[in-house]
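> The structure that follows is given in the form of structure tokens.
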Amino acid sequence: MTRRGGDDPRSIPSEPALRVIMRRLREIMAEPGDGQSRLDKIVVQISGLMVAEVCSIYLKRQDGSLELFATEGLNRAAVHNTRMKRGEGLVGRCAELSVPVNEPDAQHHPAFSYRPETSEEIYHSLLAVPVLRGGKVLGVLVVQNRTRREYSDEDVEVLQTTAMVIAEHLGSGAVAGAGLGGDQERTIALLIKGEPISDGIALGHIVLHEPRVVVTELLAKDPDAELVRLDKAIEELRTGLDDMLEQEAVSKAGEHRDVLETYRMFANDRGWVRRMRDAVSEGLTAEAAIERVHNATRARMLRQNDPYWRERLRDLDDLSDRLLRIVAGRLHTGKSNADLPNDTILVARTMGPAELLDYDRSRLRGLVIEVGSGQSHVAIVAKALGIAAIGQATRVIESVTAGDPAIVDAQSGELHLRPTNEVIQAYSDKVRLQARRQSQYRQLRSKPAVTKDGTPIGMHINAGLIVDMPSLKDAGADGIGLFRTELQFMIASTFPRLDRQTQFYSQVLEEAEGRPVVFRSLDIGGDKTLPYMEQPREDNPALGWRGIRISLDRPAVLRGQFRALLRAAAGRELDIMIPMLSTVAEFEAARLYLDREREFMRRHGHSEPLAVRLGAMIEVPSILFELDALLARADFISVGSNDLLQYLYAADRANPRLSGRYDTLAPAGLRALKSIADACRRRNVPATVCGEIAGRPLEAMALLGIGFRSLSMAPAAIGPVKAMVLSLDLGRLTEFVGSELDAVTGDSLREPLRRFAEGDSIEI
Ligand code: PEP
Ligand code: MG
């Protein structure tokens, strides 16, 4: 369509044609006149230069409809009269999907919407591109022709570039009644569905982790200087990626590395770089060139149905964003904590755990991540910080504007963006109620957890990071029943060496102020991976190389950790436990390594802990059939019910489809757990339950009913579970649970237990 150098309609448009368009647009922008008259001139110019019989500009109104603002070729009386409803027609489709629409026979397209007032019936082919600013659709730019023809990629690029100029023009506020649609659309309430990754509800205001760069200067004043800027930025991008890959050099595989490799492939793609350089030569600034090539490549990739290319699209988006930030000098200008609002809801496409820790916790209320899931490492930190967080929030980045009011409901996994007053009211009530409950629980803080009939219950928290430590005191817990040491390893970018580990464990013990801490040896594998450690891809990671299996195959890691723990606990008592034991032999092997480390310390004159106890986690059903042998060797037992129930029912704990399938209060699971409690009591071995069920009042009640006297849970669960304990007659409960379990039915005890609690006025 553009005037070309050769006869081949598919050839690259001759440079002069694009240059001419850019020059003309620049002139139009420089000429006197109001915003509307500039739009009128643009459509005349584009229709002429692209040899199109029609060129029209539709702009978005507040209600999302598109209004014809300027046209060359259609009936002028339709200007400001023709409006397309949101999503209506091919123009609406272009705006809604934010992609070019290229139709040789538009009138026969099922989405075509005919508007008689425009007299467009004689035009067959149509090319529409979105007018985008900062990722938001402000309107649509359209060309039409009588002949049935498919517009070339180059036509699309020319029109996209023109659309960028229009977007800049609108952004300046020069066109009365227009250019606001994109922003005003953002006043509309929106519900974005994700998945909960850290429980809680947060009301606050949006802060973008990596603020988007809005390209405002499109036309270069000095093209040579722009080329230098672009080249320098590309170089910086490449070096940065090389550095990142080098840091990852210890790992030979892994998803992160794959992504970086793809980035590097793009960054070194000569076609990509050449197209950006060409765009600068045509008169665009470096920023505008990056954006134009990004838009054009995006449009091409969107046409591919192959999921591989769809996935690469995200990489391209990220890379172009990164390049834009480099060229705009905004790569390392993350939000400084001083600028953060006190009710920050942080929104990120992806985020590493260390990045989240850089933010001032006291200002953070919520976190929304577009790509990360509950298994991601940042989710661990969000949980530790107690921030309401949701992941898999599709298209959140393009839907938010910095400063938007928002509510994160991490119970249902929803983000309410720009909520209505009614929604704010409903959530404020909910939050107030929770706060009241929390303050009631706080009053229980110093009360010992003793049942009504006088049995003391051990109340411990699960932890794994230094940021967890204040919760120990805040919750009024007896100690830490499960310290997941792997979390520290997971959020580090390199393997923590002996000194670093020793210092970390010392700090934990220091902050525990004499309360017992049970350190679990490194439990990686399965869903828990270390970015710097090579881990094989496995078909069944939950049944694979994980927990103690890795530790025994890599004894240097286990011994190093034992050494660090022994050093850190010098002069104090030390409790360590071993995860994922399938056999007693594995426990014995671990104990041997511990004994050797203790011997080593003695020989070298290091001061030792006052006492060292080694416990076994019961997480794999096979060990239930070796309980007596295990209890003869272990100093204490901790039941990892998350894994034990997953293996007992052969139901992946991370698979949401299965999450409600097997009731944790069904007799099979409870009988297995009871056999552990009974055996531990017979042998006088202390036992704790540290899986999630220990933190749910009804389930915790059932655990007490089958004989457990010590529980370890998330800090927030201590209050509700303690309230249950204080209102419980344990004798009556034990009798009730015993008779229910003796009954020969497979029915869950959930309902009977609930009724029992209700009848006995137990707080659950
Ligand atoms: C468990 O399996 O119940 C447990 C506490 O360990 P994790 O959840 O860390 O696997
Ligand atoms: Mg486990």
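The values are calculated or read from the model by the stated rules, or taken from the named source; none is laboratory data. Here the structure is a predicted model, which means the values were calculated and not measured. Note that each Cβ is placed from the backbone with ideal geometry, even for glycine, and that neighbours are counted across all protein chains shown. Quick note on the areas: whole protein, heavy atoms, side chains included, nothing else; ligands and nucleic acids left out. Shrake-Rupley method; radii C 1.70, N 1.55, O 1.52, S 1.80 Å.
> Only one of these is touching a Cys at 6+ places or on another chain (Cβ under 8 Å) and either under 21 Å from A651 (Cα atoms) or of a type outside the set (F, W, Y) (or both): S675, S712. Name it.
When all the criteria are applied, what remains is S712.
> Please go through region 104-127 and give me each residue that is open to solvent by less than 20 Å² (accessible area, probe 1.4 Å) and outside any loop (DSSP other than H, G, I, E, B), ordered by number.
A106, T118, S125, L126, L127
> Restricted to region 521-538, and to residues that are within 15 Å of ligand 1 (Cβ to nearest atom) and among the charged types (D, E, K, R), which residue is least open to solvent (accessible area, probe 1.4 Å)?
D523
> What helices (runs of 4 or more DSSP H), lying completely within region 432-512, carry at least 2 residues that are open to solvent by less than 70 Å² (accessible area, probe 1.4 Å) and either aromatic (F, W, Y) or within 16 Å of ligand 2 (Cβ to nearest atom) (or both)?
In region 432-512, 486-491, 498-512 are the helices (runs of 4 or more DSSP H) which contain 2 or more residues that are open to solvent by less than 70 Å² (accessible area, probe 1.4 Å) and either aromatic (F, W, Y) or within 16 Å of ligand 2 (Cβ to nearest atom) (or both).
> Can you name every residue in region 573-582 that is closer than 17 Å to V518 by Cα and either within 16 Å of ligand 2 (Cβ to nearest atom) or buried (at least 20 other Cβ atoms within 10 Å of the Cβ) (or both)?
Within region 573-582, L574, D575, I576, M577, I578, P579, M580, L581 qualify.
> List every residue pair whose Cβ atoms sit under 8 Å apart, with the two residues 6 or more apart in sequence or on different chains, where the first one lies in region 364-387 and is modelled with pLDDT of 80 or more and the second, anywhere, is of a type in the set (K, R).
I369/R349; E370/R349; E370/R395; L385/R361; I387/R361; I387/R365
> Taking the criterion of being within 14 Å of ligand 2 (Cβ to nearest atom) and β-branched (V, I, T), would at least one residue in region 689-701 satisfy it?
Checked against the condition, which is being within 14 Å of ligand 2 (Cβ to nearest atom) and β-branched (V, I, T), region 689-701 yields at least one hit.
> Any residue at all in region 721-731 that is under 25 Å from V381 (Cα atoms) and either open to solvent by less than 20 Å² (accessible area, probe 1.4 Å) or among the small types (G, A, S) (or both)?
Scanning region 721-731 turns up at least one residue that is under 25 Å from V381 (Cα atoms) and either open to solvent by less than 20 Å² (accessible area, probe 1.4 Å) or among the small types (G, A, S) (or both).
> For region 660-677, enumerate the residues that are away from ligand 2 (no atom under 16 Å from the Cβ) and open to solvent by 10 Å² or more (accessible area, probe 1.4 Å).
Result: G660, R661, Y662, D663, A666, A668, R671, K674, S675.
> Another question about this same structure. Among the residues of region 600-651 satisfying the criterion of being of a type in the set (G, A, S), in contact (Cβ under 8 Å) with a residue 40 or more places away in the chain and within 14 Å of ligand 2 (Cβ to nearest atom), which is nearest to F708 (Cα to Cα)?
S638
> Find the residue count for region 214-226, including only residues that are in a loop (DSSP other than H, G, I, E, B) and buried (at least 22 other Cβ atoms within 10 Å of the Cβ).
Residues in region 214-226 being in a loop (DSSP other than H, G, I, E, B) and buried (at least 22 other Cβ atoms within 10 Å of the Cβ): 3 in total.
> Could I ask something else about it? Do the conditions hold for R682, that is, is it within 33 Å of the chain's Cα centre (by Cα) and either open to solvent by 20 Å² or more (accessible area, probe 1.4 Å) or farther than 16 Å from L482 by Cβ (or both)?
Criteria not met by R682.
> Collect the residues in region 41-57 that are within 23 Å of E121 (Cβ to Cβ) and either open to solvent by less than 10 Å² (accessible area, probe 1.4 Å) or of a type in the set (A, V, I, L, M, F, W, C) (or both), keeping them in residue-number order.
Scanning region 41-57 gives V43, V44, I46, M50, V51, A52, V54, C55, S56, I57.
> Just need a number here: residues in region 502-558 that are among the hydroxyl-bearing types (S, T, Y) and over 23 Å from A569 (Cβ atoms).
Residues in region 502-558 being among the hydroxyl-bearing types (S, T, Y) and over 23 Å from A569 (Cβ atoms): 2 in total.
> Run down R303, R312, R330 and say which single residue is within 21 Å of the chain's Cα centre (by Cα) and modelled with pLDDT under 85.
Answer to the check: R312.
> Given the criteria modelled with pLDDT of 90 or more and assigned to a helix (DSSP H, G or I), does R277 qualify?
yes
> Quick check: anything in region 555-564 within 20 Å of G640 (Cα to Cα), open to solvent by 10 Å² or more (accessible area, probe 1.4 Å) and under 37 Å from the mean Cα position of the chain (by Cα)?
Checking region 555-564: not a single residue is within 20 Å of G640 (Cα to Cα), open to solvent by 10 Å² or more (accessible area, probe 1.4 Å) and under 37 Å from the mean Cα position of the chain (by Cα).
> Have a look at A393, A402 and point out the one that is within 10 Å of V368 (Cα to Cα), among the aliphatic types (A, V, I, L, M) and not in a strand (DSSP E or B).
Residue meeting the stated conditions: A393.
> While we're here: Restricting to region 725-764, give me the number of residues that are within 34 Å of the chain's Cα centre (by Cα) and within 30 Å of M469 (Cβ to Cβ).
Total satisfying the criteria: 1.
> Another question, then. Do we find a residue being in contact (Cβ under 8 Å) with a residue 40 or more places away in the chain, open to solvent by less than 30 Å² (accessible area, probe 1.4 Å) and touching a helix residue (DSSP H, G or I) at 6+ places or on another chain (Cβ under 6 Å) anywhere in region 396-409?
Yes: one or more hits.
> Does region 74-89 include one or more residues that are at positive phi, in a helix (DSSP H, G or I) and within 45 Å of the chain's Cα centre (by Cα)?
There is at least one residue in region 74-89 that is at positive phi, in a helix (DSSP H, G or I) and within 45 Å of the chain's Cα centre (by Cα).
> Among all residue pairs at least 6 apart or on different chains, which show Cβ distances below 7 Å where the first residue, located in region 689-709, is closer than 24 Å to K383 by Cβ and the second is open to solvent by less than 10 Å² (accessible area, probe 1.4 Å) and aromatic (F, W, Y)?
Once the first residue is closer than 24 Å to K383 by Cβ and sits in region 689-709, its partners that are open to solvent by less than 10 Å² (accessible area, probe 1.4 Å) and aromatic (F, W, Y) give V689/F708.
> Restricting to region 540-554, and then to whatever is of a type in the set (K, R) and surrounded by fewer than 17 Cβ atoms within 10 Å (Cβ to Cβ), can you tell me which residue is nearest to L648 (Cα to Cα)?
Out of the qualifying residues, it is R549.
> In this structure, is A585 surrounded by fewer than 21 Cβ atoms within 10 Å (Cβ to Cβ) and assigned to a helix (DSSP H, G or I)?
Judged against the criteria, A585 is a match.
> Sticking with this one: So which helices (runs of 4 or more DSSP H) stay within region 609-690 end to end and still have 2 or more residues that are among the charged types (D, E, K, R) and either at pLDDT 95 or above or within 16 Å of ligand 1 (Cβ to nearest atom) (or both)?
627-633, 667-683
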